[in-house]
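Chemist: Here it is, the structure in full.
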Amino acid sequence: MIAATPGARQLGDDHGYDNRGLLKLFNTVNNRYFDGRIQAEIRWEIPVGSVAVFTGVDRHPLSADSPIHPVFDQACEALARNDSQGALPLLIQCADAGHKDAHLLLNHLLLRLGDTRWPLYVKRYNRHSDSHQAVPAACYYPESRVIAIHPYVHERKAPQFVLKYLLFHECCHQLIESDSSNPHPPAFMEWEHSAPARTRALEWLAKEGFPTLPLTADEH
């Protein structure tokens with residue numbers, strides 16, 4: 001996550017993302033609501049979510065004996081050897097065939113390599129798999145203190161208040177311990193309900209197809 005902390009890392013502006021603006025928003029949220037206590041790194045990347053692994057572009061599952069699966073294994077072996085260039089054509093072959101895990105890995109690899117095909121494959125991933133409907137708009141990884149913001153949020157030209165809300169929400173995850181079985185315990189929600197423009201942001205995210213926390217009757 002981009003953060004005003006030593007060692008924080010920024011995604012290069014050559015990808016068309018306003019990292020300075022996002023850093024400014026993070027600093028505002030961190031200082032105003034958390035007294036500057038949050039230490040994290042921010043990335044534009046597709047958050048991990050509960051997405052089906054072998055879904056084709058038309059949402060028809062690939063068969064268990066599809067020849068694409070061994071190709072994906074070969075790509076993973078190449079990545080394990082740090083052979084990015086060897087893995088790249090294999091991942092492209094799998095992604096074009098509708099292998100969901102391969103497509104997600106390809107998105108990350110193209111971004112890391114600065115490959116100009118990255119925006120194309122991210123859009124295909126979103127369009128064919130509706131990943132923005134299957135995964136959250138943002139996610140916090142406590143082990144690495146990383147906040148991932150879904151690139152689709154940028155593509156949809158999210159208003160500033162939406163980004164502030166997402167940053168606030170993920171900052172809460174650093175303060176309040178939670179797990180996959182109970183990601184938003186009462187202590188978390190007590191903090192989260194004070195997020196700036198919460199209702200407007202949740203309404204915008206829901207309209208764009210992202211899964212969101214439910215609004216109460218009083219919040220509508």
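Chemist: Write out, first by first residue and then by second, each pair whose Cβ atoms fall under 7 Å of each other, whose residues are 6+ apart or on separate chains, and whose first residue, in the stretch 149-160, is at pLDDT 85 or above while the second is hydrophobic (A, V, I, L, M, F, W, C) and not in a helix (DSSP H, G or I).
Modeler: I149/I42; I149/W44; I149/A138; V153/A137
Chemist: Here's something else I'd like to know. Select the helices (runs of 4 or more DSSP H) contained entirely in the stretch 140-220, then report the ones holding at least 2 residues which are farther than 21 Å from I46 by Cα and assigned by TED's automatic domain parsing to the domain that holds G36.
Modeler: 186-192, 198-207
Chemist: Further, regarding this structure: Being surrounded by 18 or more Cβ atoms within 10 Å (Cβ to Cβ) and closer than 17 Å to W118 by Cα is the filter here; which residues of the stretch 67-91 pass it?
Modeler: Selection gives A87, L88, L90, L91.
Chemist: Right, next: Give Y165, Y121, Y125 a once-over and let me know the one that is closer than 17 Å to E208 by Cβ and modelled with pLDDT under 90.
Modeler: The conditions single out Y125.
The values are calculated or read from the model by the stated rules, or taken from the named source; none is laboratory data. Only a predicted model underlies this, so the values are computations on that prediction, with no experimental measurement involved. For neighbour counting, all protein chains shown are included, and Cβ atoms are generated from backbone atoms with ideal geometry for every residue, glycine included.
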